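Structure first, commentary second.
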Amino acid sequence: MSSSIRLIVVLALVITAIPVSVLAGDLIDLDRWHEDLIDALGEAPEEKADRRPALGIYPTLGGSIGPPNWVSAQGHAYLSFTDGKSFSIYAGYGVEWGPNADASIITVGWGGVRSIPVASKQTGFHGKFLRYRRWDDEDHGIHHGLSFGTESGVGFGALAFEIGGARSERNHWMIVAQIALKFAVPIRIPLTGSAPSLPADNAD
């Protein structure tokens with residue numbers, strides 16, 4: 001028998017033997033195993049504590065790229081509330097400064113300041129938002145517009161994406177499509193008598 005025929009025979013035996021050995025053994029249901037492990041260990045004390053009602057204060061300062069200014073500076077301050085389970089909202093005020101137009105910004109959204117389960121205890125932010133903007137454009141006057149987007153952050157950093165539009169009384173339109181990188185200071189204040197958590201890695 002030639003070497004090539006022997007190789008084909010060996011490969012055929014291996015291919016047919018592997019499924020038989022797998023079927024013969026007990027298959028492991030990983031999802032069920034994780035559920036059983038969680039039931040056995042229970043929740044960590046920190047996870048139970050984070051389900052309490054809480055207020056959040058979230059000031060940010062940073063910059064954005066994208067129209068209408070293409071490069072601009074932004075500052076925002078949000079106040080959020082969560083019941084610690086599923087309900088979470090926030091609202092805030094902000095400003096944007098750019099070479100072509102400045103804006104006053106009112107934001108409402110779902111989400112807010114929360115504890116982040118990472119290796120070291122941190123406080124972060126996550127939310128989806130709807131914004132009203134009043135633009136003061138140097139060339140076309142006052143514009144009113146709406147935009148929507150999402151913002152996420154951990155510790156002292158945050159990233160936001162936004163898209164929308166604005167229209168002036170002269171029927172001039174602006175497109176808003178921005179990516180913003182921000183420096184943030186998230187502060188979470190539980191409403192059950194415990195001390196507020198510190199903004200980043202230094203929290204107890």
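The values are calculated or read from the model by the stated rules, or taken from the named source; none is laboratory data. Keep in mind that this is a model prediction, so the values were computed, not measured. For neighbour counting, all protein chains shown are included, and Cβ atoms are generated from backbone atoms with ideal geometry for every residue, glycine included.
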**Request:** For region 168-204, name all the residues that are surrounded by 13 or more Cβ atoms within 10 Å (Cβ to Cβ), of a type in the set (Gly, Ala, Ser) and at pLDDT 55 or above.
**Result:** SER168, ALA177, ALA180, ALA184
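Would you mention how many residues in region 151-161 are surrounded by fewer than 21 Cβ atoms within 10 Å (Cβ to Cβ) and in contact (Cβ under 8 Å) with a residue 24 or more places away in the chain? Lay out the reasoning, then the answer.
The first filter runs over region 151-161 and keeps only residues surrounded by fewer than 21 Cβ atoms within 10 Å (Cβ to Cβ), leaving 152, 154-157, 159, 161.
In the following step, the residues that additionally are in contact (Cβ under 8 Å) with a residue 24 or more places away in the chain were identified as 152, 154-157.
Final tally of qualifying residues: 5.
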**Request:** Identify, by number, the condition in (1) over 30 Å from ARG52 (Cβ atoms); (2) surrounded by fewer than 17 Cβ atoms within 10 Å (Cβ to Cβ); (3) of a type in the set (Lys, Arg) that LYS85 doesn't meet.
**Result:** (1)
**Fill in**
Pairing a residue in region 181-204 that is part of a loop (DSSP other than H, G, I, E, B) and of a type in the set (Lys, Arg) with any residue that is surrounded by 13 or more Cβ atoms within 10 Å (Cβ to Cβ) and modelled with pLDDT under 55, where Cβ atoms lie under 6 Å and the two sit 6 or more apart in sequence or on different chains, gives none
**Request:** Could you tell me whether GLU138 is buried (at least 22 other Cβ atoms within 10 Å of the Cβ) and over 12 Å from TYR58 (Cβ atoms)?
**Result:** no
